[in-house]
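Asker: One structure is given below, represented as structure tokens, and several questions about it will come after.
The values are calculated or read from the model by the stated rules, or taken from the named source; none is laboratory data. Quick caveat, the model's predicted, so the values are computed rather than measured. Every residue, glycine as well, gets a Cβ built from its backbone with ideal geometry; the counts of neighbours run over all protein chains shown. Accessible surface areas use protein heavy atoms only, side chains included; no ligands, DNA or RNA. Shrake-Rupley method; radii C 1.70, N 1.55, O 1.52, S 1.80 Å.
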Amino acid sequence: MNYFKPEEVDGLMPELVDKLNSARHVAGIPFIITSGKRSPESNSVLKGAVADSSHISGTGVDLHVGNNHDFYLMLFALRQAGFRRFGVYLNADCSDVIHIHVDIDTEKPQDTIW
């Protein structure tokens, strides 16, 4: 099952898209990609973005999180789908998760959350 429109996953590695579709199926809730493939130029102007971002190679995405229950469902499903790298980003007062970063970049440490 494909849950994403072609323009949402444009430039992303097929393996990444397959894992996202798998996780979306398990979670049973929509996954909204807030940041996918980036050019080095667009990546360089983003606050907090690193020069070797997996977004540049099309191996990483950021997903919108609507609430803490969705966060739980998404995190569980993403792990079930085989993701091993997670970034968790909170809002300014640290009261809610606003998005999750996942990637399949094997050149970076695995089994990690930041």
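Asker: Limited to the stretch 56-114, what total is found for residues that are modelled with pLDDT under 95 and of a type in the set (G, A, S)?
Answerer: Looking only at that region, the number is 3.
Asker: A follow-up question, please. Quick check: anything in the stretch 38-49 closer than 20 Å to F71 by Cβ and at pLDDT 95 or above? Quick ask: steps written out before the conclusion?
Answerer: Let us first name the residues in the stretch 38-49 that are closer than 20 Å to F71 by Cβ, namely 48.
Filter once more, so that each one left must be at pLDDT 95 or above: none.
The answer is no; no qualifying residue exists.
Asker: For the stretch 70-85, give me the residue count where each residue is free of Cβ contacts under 8 Å to residues at least 60 places away in the same chain, in contact with a helix residue (DSSP H, G or I) (Cβ under 7 Å, 6 or more places away or on another chain) and either open to solvent by less than 40 Å² (accessible area, probe 1.4 Å) or within 17 Å of M13 (Cβ to Cβ) (or both). First the steps, then the outcome.
Answerer: Taking the stretch 70-85 as the starting set, the residues that turn out to be free of Cβ contacts under 8 Å to residues at least 60 places away in the same chain are 70-80, 84-85.
Cutting the leftovers down to in contact with a helix residue (DSSP H, G or I) (Cβ under 7 Å, 6 or more places away or on another chain) gives us 73-74, 77-78, 80.
Next cut, either open to solvent by less than 40 Å² (accessible area, probe 1.4 Å) or within 17 Å of M13 (Cβ to Cβ) (or both) only: 74, 77-78.
Selection size over the stretch 70-85: 3.
Asker: Are any residues in the stretch 75-111 among the β-branched types (V, I, T) and either under 18 Å from G48 (Cβ atoms) or in a strand (DSSP E or B) (or both), and if so, which ones?
Answerer: So in the stretch 75-111, the residues among the β-branched types (V, I, T) come out as 88, 97-98, 100, 102, 104, 106.
Residues satisfying the conditions are V88, V97, I98, I100, V102.
Asker: A further question on this structure: What's the number of the only condition in (1) closer than 17 Å to S22 by Cβ; (2) touching a residue at least 12 places away in the same chain (Cβ under 8 Å) that S53 fails to meet?
Answerer: Every condition holds for S53 apart from (1).
Asker: Looking at the stretch 35-53 only, could you name the residues that are buried (at least 18 other Cβ atoms within 10 Å of the Cβ) and among the basic types (K, R)?
Answerer: Those that are buried (at least 18 other Cβ atoms within 10 Å of the Cβ) and among the basic types (K, R): K37, R38.
Asker: Can you pull out the residues in the stretch 8-34 that are under 15 Å from D62 (Cα atoms), surrounded by 18 or more Cβ atoms within 10 Å (Cβ to Cβ) and touching a residue at least 60 places away in the same chain (Cβ under 8 Å)?
Answerer: Across the stretch 8-34, the qualifying residues are M13, L16, K19, L20, A23.
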